[in-house]
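**Q** Let me give you the structure first, and then I'll get to my questions.
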Amino acid sequence: MPASRFGPSAMAEADRIPDRIDTSPRFTADDAARLERLYEGAGTTEMLEGVLRDRLAGDIAVVSSFGAESAVLLHLVASIDPTTPVLFLETGKHFPETLDYRDLLAARLGLKDLRSLSPEPTALAASDESGLRWSYDPDGCCDIRKVLPLADELAGFDASITGRKAFQAEARKHLPRFEIDTTDASGRLKVNPLIDWSAERLAAYIEEHDLPPHPLVEAGYPSIGCSPCTSKVAPGEDARAGRWRGWDKTECGIHVPGGNDDDSELPPGYDPVF
C-alpha cells in the first residue's frame, strides 16, 4: 500500500502481519484487528487496493450472489483487479433473471475469473433427489447447495470478500471490515468492504457509474436468493422479509460456523472442508 497515505508507523504495523505463505492458521484475530486499525479512516477503494493489489490478505476471492446490490462490490473489485476470482453459488434454484444478470455483469465489468460452484452430485442424490428439500428443510437445502460447495472452493484461498452491509440485518450491525472466518478452523480472513455503506450510498454509486440493476428489484424483490425461498416484499416491510418467508431463518448458512446442519444425511465418503 502507498506509504504516503498511511505513513511509517502504519507501514510498520503492516510489516508485523505475518507472511501468508505456509502459515497455519493463515490469520489470527490479532491479524484481523491490526488490519482493522491499519485501514481505520481509509476509503473503501484504498482498502481494497491494499487487499487486492498489495495482497495483504494473500490469495483472495469475492463471494457474490449477483443479487440486488452486487454490482457495487463487483464494480469496485473489477476497477482494481478484474482477474480476482468471483465465486457464484449455482444452486440450481436461481431465478432465470439472476443467471442472466450474472452473465450481463460479468461481461459489462470485464470479470476474468467467474466461477460457478455447483452442489456435489452425490450429495444431491443422497439428500435431495426430488429437489424439494427447500420445502421442508431449507437449512439442509442451503447446506447442500451453498455451504458445502463454497467451503470446498474457499479451502484454496487465504481470504474472501463479502458484500454484507450493516443495515441488512441485526446480526450484521456491528461487523468489522476484517474478521476471521469462523466457518472452519483454517484461519481464513473475511473482508467486508461495504459493511458501513448505507442503502442511499449504494444507490448513489449505482447511478454514478450507470450500473445495470437486477431486473427483479423493480418487480418487488429488494433481496434476491433462490426462487423457491424468495418472495416479493410489501411496502414498509424489511428488505429481507421475502427471504425464507414463514421460516425461522434469516441466513443461508455460509457465514455460520458449521453451516446449518450436521453431516448425518450426506453420502458416505463425502468429505466437506470444515
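**Q** Going by amide H atoms built from the backbone, whose H comes under 5 Å of the H on PHE178, apart from near neighbours?
**A** Here ASN192 satisfy the definition.
**Q** Right, next: Quick one: which of 69-81, 108-120, 143-155, 189-201 comes out on top by average Cβ neighbours within 10 Å, and what's the full order, highest first?
**A** 143-155, 69-81, 189-201, 108-120
**Q** Next question, about the same structure. Classify region 178-255 as rounded, prolate or oblate, taking a ≥ b ≥ c as the square roots of the eigenvalues of its Cα gyration tensor: rounded when a/c is under 1.5, otherwise prolate if a/b is larger than b/c and oblate if not.
**A** Details: a/c = 2.33, a/b = 1.21, b/c = 1.93.
It is oblate, given that a/c is not under 1.5 and a/b is not larger than b/c.
**Q** Using unit Cβ charges (K, R positive; D, E negative) and no other charged atoms, how large, in debye to the nearest 20, is the dipole of region 64-190 about its Cα centre?
**A** Numbers: 15 positive and 20 negative charges, 105 e Å.
Using Cβ point charges on Lys, Arg, Asp and Glu, region 64-190 gives about 500 debye.
**Q** Please work out the FRET efficiency for the pair ASP152 and ALA33, using the Cβ-Cβ distance as r and a Förster radius of 30 Å; give the result to the nearest 0.05.
**A** Numbers: r = 29 Å, r/R0 = 0.95.
Efficiency at R0 = 30 Å is approximately 0.55.
**Q** What net charge is computed for the residues neighbouring GLU218, neighbours being all others with C-beta under 13 Å from the C-beta of GLU218, Lys and Arg scored +1, Asp and Glu -1?
**A** So the environment of GLU218 carries a net charge of 0.
**Q** In addition: Determine which lysines satisfy two conditions relative to LYS249: a Cα distance under 20 Å, and not lying fewer than 8 residues away in the same chain.
**A** The qualifying lysines are LYS93, LYS146, LYS165, LYS173, LYS232.
**Q** Under a 5 Å amide H to amide H cut-off, with H placed in plane at 1.01 Å, what residues pair with LEU189 once short-range neighbours are removed?
**A** ALA159, SER160, ASP181
Laboratory data are not the source of any read-out in this text; all were calculated from the coordinates shown. Please read all numbers here as calculations on a predicted model, not as lab measurements. Using ideal geometry, Cβ is built from the backbone for each residue, glycine included, and neighbour counts are taken over all protein chains shown.
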